[in-house]
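Every read-out reported here was derived from the displayed coordinates using simple, explicitly stated rules and does not represent laboratory data. Everything quoted here is computed from the prediction, not taken from an experiment. Here the Cβ positions follow ideal geometry from the backbone for every residue, glycine too, while neighbour counts run over all protein chains shown.
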Ligand code: CTP
């Protein structure tokens, strides 16, 4: 089986460089082509011939080497050619030194120069002595690289070459190859999209200190936001009151009531190409919230309720060429209730999930059905909300491509 993707494997100079041989085997058996680039220090730990034999490709060790012998590398700008010909850059092991060079943008050897010339996904598998790993300089360099989108496969703990025991051992080949697979899979397939997402519960005021709300944690909507950003979309996340950090790369607008969520969604809709209404919006609100705290001495208050605006319906009515995804939280008759919501609210896709059991509200897990407006039904077994977010956008991307074809 061939994945027909080329991995630019950078090997920098630490004792774990010898493990790159096993890593090459794992990448090759997953079907990837591997172009190895070794720093000068790396060649002290493992010979280029070893990696050349395992990759089946010439190994690059020098920025100024005469590469004319290799038909695929024809000029003195080989670092640009190699960068352009690669789908992903993996550095394993990544030493503290190479992380610092990448963070600063230095370019004084082939690997660091190719890094600057490379625009695809970057996966880093650091390995070093525990103190070097914990040093604030290394922590800061990693934070900078992460903020630019690099995926870091964290080192494990164990006995290190220096004789100490601690954090810093190169991760096993399996998680490194899995990170490569994920980074390639999600590479930019939502690039150019702008996704508007509502998430979390809303609060409907009874008086200045009390409100009506529900059990939504916001996790599903936040997982969707994180996933869309990871796949290259711009994300506007309209969040009800939740205790969750903002996913990386997302613009977050905090709101409280259904009315505020509605007004913000309608205001921001013109920017969006995809709208995902994942919030658990309160259906009713007190029609005349008290301006003052309701006092006990007045006896139990009669609460008169009125409907909140249906945000999903309002968005779908203005959808134009946008793709609109709704959710249906149901305790019973999942498929039939979800299908009627799909129709009545005017969505392109509805994600139906059962609530009231061990999945759904307030949990890490979810399950359910994805229903398309053209009649298709897909079952989603119990999985994390992160995996579910990935599956939902897999469907959305596929349906949109099909609609555009
Ligand atoms: N929704 C919304 N605005 C509302 C109510 C719901 O945008 N005022 C959206 C939700 O975000 C979800 C979908 O509508 O995407 C369905 O929500 P759900 O609570 O399952 O359905 P309801 O329309 O409230 O219907 P019911 O309570 O009868 O199941």
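Computed over the alpha carbons of region 106-227, Rg followed by Dmax gives 21.0, 66 Å. Determine the distance separating the Cα centre of region 86-100 from the Cα centre of region 107-136; give it in Å without decimals. Each part reduced to its Cα centre gives a spacing of 4 Å. Could you list the residues of region 202-225 with an amide nitrogen less than 16 Å from a label point located 7 Å from the Cα of residue 248 in the Cα-to-C-beta direction? Taking a point 7 Å out along Cα→Cβ of residue 248, the residues of region 202-225 whose backbone N falls under 16 Å are 223-225.
In the frame of its principal axes, region 194-404 has Cα extents of 62, 35, 31 Å, reported largest first. Based on alpha-carbon centroids, what's the gap between region 147-197 and region 281-338 in Å, whole number please? Using only Cα atoms to place each centre, the spacing works out to 41 Å.
For residue 384 and residue 44, a Förster radius of 56 Å and the Cβ-Cβ distance give a FRET efficiency of 0.85, rounded to the nearest 0.05. Annotation: the antiparallel percentage among DSSP beta bridges lying fully within region 239-335 is about 40.
All C-alpha to C-alpha distances of region 145-190, sorted into 5 Å bins beginning at zero, yield P(r) values of 5, 19, 19, 21, 15, 10, 6, 3, 1, 0 percent in whole numbers. Angle of helix 385-404 to the longest C-alpha principal axis of the chain, folded into 0 to 90 degrees and rounded to 10: 90°.
May I ask for the angle, rounded to the nearest 10°, between helix 334-345 and the longest principal axis of the chain, with both axes built from Cα atoms and the value confined to 0 to 90°? Taking Cα atoms only, the helix is inclined about 80 degrees. Per-peptide packing, taken as the mean over residues of other Cβ atoms within 10 Å, places 132-139, 48-55, 298-305 in the sequence 48-55, 132-139, 298-305 from highest down. Our analysis of region 6-185 gives Rg over Rh at 0.94, with the two radii drawn from alpha carbon positions and Rh computed by the Kirkwood formula. If I take every Cα pair under 8 Å that is 6 or more residues apart in region 133-248, average their sequence separation and divide by the length, what percent do I get for the relative contact order? It rounds to 22 percent for region 133-248. Spin-label pair residue 191-residue 260: with each label point 7 Å from Cα along the Cα-Cβ axis, the two points sit 3.7 nm from one another.
Placing a label point 7 Å from the Cα of residue 364 along the Cα-to-Cβ direction, no residue of region 140-179 has a backbone N closer than 15 Å.
Treating each Cα of region 277-345 as an identical point scatterer and ignoring solvent, apply the Debye formula and state log10 I(q)/I(0) at q = 0.11, 0.17, 0.23 Å⁻¹. Summing over Cα pairs of region 277-345 leads to -0.44, -0.77, -1.06. Computed over all pairs of different Cα atoms, the Kirkwood value for the hydrodynamic radius of the chain is 24.0 Å. Sorting the segments 373-380, 198-205, 238-245 by their mean number of nearby beta carbons within 10 angstrom, highest to lowest, gives 198-205, 238-245, 373-380. Each peptide among 168-175, 88-95 gets the average number of other Cβ atoms lying within 10 Å of its residues, and from highest to lowest they stand as 88-95, 168-175.
What fraction of the DSSP beta bridges in the chain is antiparallel, stated in percent and rounded to the nearest 5? Looking only at bridges with both residues in the chain, the antiparallel portion is about 30 percent.
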